[in-house]
Each structure stands twice: as structure tokens, then as C-alpha cells.
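Data first, discussion second: the structure below is written as C-alpha cells.
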Amino acid sequence: MTNDVMVIGEHFQGALSQITLELLGKARELAGQLDGKVEAVLLGHGVEPLAAELGAADRLSIADHPLLEHFVPETYEAVIAQRIKQAGPRLVLLGSTSVGLDLIGPLSVRAAVPCFDNCTSLQVREGRVVAISQLYGGKIFAEYAVPETTALVAVVPGSFPAEPGKAAGAPEVLRLAAPPAPRTTFRKLIEPPPGDVDVSKVPLLVAVGRGIQNADNIPLAEELAETLGGAVCASRPVIDQGWLPLTRQVGKSGVTVKPKLYLALGISGAPEHVEGMKQSELIIAVNTDAKAPIFGLAHYGAVADAVEIIPLLTEQIRAASG
């Protein structure tokens, strides 16, 4: 076994996923403390152009094959498990995403190594790797001393900054063998309705929760978001009511966002929701309950009725912008 740190890269529709850069930056830090190297593993078809964005790695292992064009866990597992056995890294980092969570369990079995998921912190203490995972929607945090053998760690998106993972470089390239023919067949990709907004990429978000009261008040939030040049998102109760589409849900079972402004209107701040927005640069909360958990996270807050505040805020912003 080496002291190397391996990162399993993710990409979608020709673009590298943010979680990959977050993991690369953390891998660079950990490898420096462990006196090891960083290896990025990238699977797909036609993924060669993405190699230029993985300069933070010392070594890049690529498997480029038509069988890997679409994410099928069976084929990805086979290739990655073989590489883990060959390289013997100290750590293998994946995203705690739909892709990473599909892979980590079967990889643990195939490669016969332990796994830890939902991690939000990774540290090296006296040569030992310590991982902290959140359990029960963030209500409990568990600290693990990772065994000094190869271990798989799935990291919650947004736990680490992406900037350190954007370093320039020219890693050594290793070509991996093609996967065996799978028993599972990819049929089709089901995407959000055309024209909907990807809230994970919007810098200004107006988020609504139970305090919006009913579907008739959603247009008020949409008007405010339009005035700000942003978009509307929501906590799970609003989505469950069918007032907004699932693509607008922020939280553990939805999207993770990191906007410049997160305006939380009528959102209590349940751990499941906080998990998806806690990395926002500026959080402003409005809630009628002065003891709502969201105020413990917000940079600014107001104890007020969101439905009454929204029209006034929209009017003030319009007046200020001329």
C-alpha cells in the first residue's frame, strides 16, 4: 500500500463536476501531509479534453471507451476496483452524490476495503487519517479513525473549497483497460423539463419554505427573484406540496447550492435543508419564529412574516435600482 490519495472524477455532458475539483483540492492537502501523491481517475467516452482541468493531480488514470459513455455502476465499478487493487492508495475519495453513493458500496466489496460515507471533514492527525461523517440528517456527527489500509471515503459536496483543485499542471497519464461487457443496459437519461433553472448555478437565490403559506404566494417570491436577477428555490415541504418542481429543492434530498446571496423566507432551518445551503456566502433569513434554527446560521435575520416582507422588499429594491 502507498500513501497516495485517489480521486474518482465525475463529469456530466462534457463538463467536469464541481465535486471533482473539491476532492482534488483536499486530496492535494492530504497527500502533502501523508507524503504521498494524488491520482485522479476519469472514466467515460470522449473525456480526453477534461484532462486539462485535472492539473492538481500527479497522475491521471483514464479509461475512455464506448461502454463508459453513460454511467452504469457495473462497468465503472469493474474498472475502478481493478485500479484500486493495482495502485493500493491510502485513500480513495468519491463524492457523496448519486454517482459516488452508487459506487462506494459495491467497490468496497469488490476491492475488499472499508468505506465511510457522508463525510464533511478529513484530517491527518499524527499520521492517522480522521474522518467526520454526518448521520441522521446532520443531527449526529461521528468521528472515525480511518484504518491504515486502503479506505473509500464519500464526501458531501460543498465540504471543501474547489479553488485548490483548479491548479495547473501536467500529470502523468495512465491508460486503463476497457471494462467487460455489462449485464446492465443504459436505456435513457431523464432530464428536468426544458427551460427550468439549474439553481446550483444561480448566484442569487430566493428560497421559500412553509412560511410562504400557499401556492398563491409563490409568484411574490418569483417577482422578488426577478427583481434581484436570481431564481426561486425551496425547502422540501414546498416541493412536496407541488408548488415548485423537484429541480428547485435545496437540501439533502435535493440540490446543494453555494450562491452569493441566499434569502431564506419562511424556512425554519431543518438540518436536511441546511446541509444543502450552508456554504452560501451571505444568508439572510426571515421567519416569524425568533427561535427558528435558521437564525443560528444566517448572517442577518428578521423576525417577520415572509409574505408581508416580500412585496415591501421587492418595492425597495426596484426603487434603489432606479
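Just so you know, all these numbers are worked out from the coordinates, no wet-lab data involved. Keep in mind it's a predicted model, so treat the numbers as computed, not measured. Glycine gets a Cβ as well: all are built from the backbone with ideal geometry, and neighbour counts include every protein chain shown.
Quick notes on this one:
- Share antiparallel - DSSP beta bridges, the chain, percent rounded to 5: 25
- Listed residue pairs exceeding 31 Å between alpha carbons, taken from Lys85/Lys260; Lys188/Lys278; Lys166/Lys278: Lys85/Lys260; Lys188/Lys278
- The alpha-carbon of Lys26 sits under 15 angstrom from the alpha-carbons of these aspartates and glutamates, leaving out residues fewer than 8 places away in its chain: Asp4, Asp35, Glu39, Asp58, Glu163.
- Taking θ as phi - 60° and the Karplus parameters 6.51, -1.76 and 1.60, the scalar couplings of region 34-40 work out to 9, 6, x, 10, 10, 10, 9 Hz in sequence order, x denoting glycine and proline.
- With neighbours defined as other Cβ atoms within 10 Å of a residue's Cβ, the residues Thr20, Thr97, Thr256, Thr185 order from fewest to most as Thr185, Thr97, Thr256, Thr20.
- Ratio Rg/Rh [Cα only; Rh per Kirkwood] for region 5-175: 0.93
- Equivalent-ellipsoid semi-axes of region 199-321, from the Cα gyration tensor, Å, largest first: 18, 16, 15
- Annotation: amide H-H contacts under 5 Å for Ser17 (H modelled 1.01 Å from N, sequence separation of 5 or more, or interchain): Glu10, His11, Phe12.
- Close amide H pairs (under 5 Å, H built 1.01 Å from N) link Phe141 with Leu135, residues at least 5 positions away or on another chain.
- Rel. contact order, % - alpha carbon contacts under 8 angstrom, at least six apart, the chain: 15
- In this structure, Ile132 and Gln33 have a Cβ-Cβ separation that, at R0 = 22 Å, corresponds to a calculated FRET efficiency of about 0.85.
- Residue-wise HN-Hα couplings along region 278-290, as the Karplus relation 6.51 cos²θ - 1.76 cosθ + 1.60 with θ = phi - 60° gives them from phi, are 5, 8, 4, 5, 9, 10, 10, 10, 10, 7, 6, 9, 5 Hz; Gly and Pro carry x.
- Total formal charge among the other residues, if their Cβ is under 12 angstrom from that of Asp35, Lys/Arg +1 and Asp/Glu -1: +1
- GNM result for the chain, Cα springs below 10 Å: residue of Glu222, Glu275, Glu22 fluctuating most strongly: Glu222
- Residue order for Tyr300, Tyr144, Tyr76, fewest other beta carbons within 10 angstrom first, comes to Tyr300, Tyr144, Tyr76.
- Tilt relative to the chain, helix 98-111 - C-alpha long axis, 0 to 90 degrees, to 10: 30
- Normalising by residue count, the chain has a Cα convex hull of 151 Å³ per residue.
- In this simple spin-label model, placing a label point 7 Å from the Cα along the Cα-to-Cβ direction at both Asp289 and Arg175 gives a separation of 6.0 nm.
- For Thr288, Thr149, the sequence from fewest to most other C-beta atoms within 10 Å is Thr149, Thr288.
- Residues in region 156-168 carry Karplus couplings, in order, of 5, x, x, 6, 10, x, 8, 3, x, x, 9, 4, 7 Hz; the curve used is 6.51 cos²θ - 1.76 cosθ + 1.60 with θ = phi - 60°, and Gly or Pro positions show x.
- Under 5 Å, built H, 5+ apart or other chain: amide partners of Gly301: Ala285
- Here Lys252 is the anchor, and the aspartates and glutamates within straight C-alpha reach of less than 17 Å, apart from those fewer than 8 places off in the same chain, are Asp102, Asp117, Asp198, Asp240, Glu272, Glu275.
- Antiparallel beta bridges, as assigned by DSSP with both residues in region 5-175, represent about 40 percent of the total such bridges.
- Calculated [θ] (222 nm, deg cm²/dmol) that DSSP helices of n ≥ 4 give over the chain, each run adding -39,500 (n - 2.57): -8000 deg cm²/dmol
- Top of Leu224, Leu23, Leu50 by mean-square fluctuation, Gaussian network on the chain, Cα under 10 Å: Leu50
- Theoretical FRET efficiency, 1/(1+(r/R0)^6), r = Cβ-Cβ of Lys188 and Glu223, R0 41 Å, to 0.05: 0.70
- Of Ala168, Ala221, Ala40, the one that fluctuates the most in a GNM where the chain has Cα springs shorter than 10 Å: Ala168
- Region 194-245 and region 58-137 have Cα centres lying 34 Å from one another.
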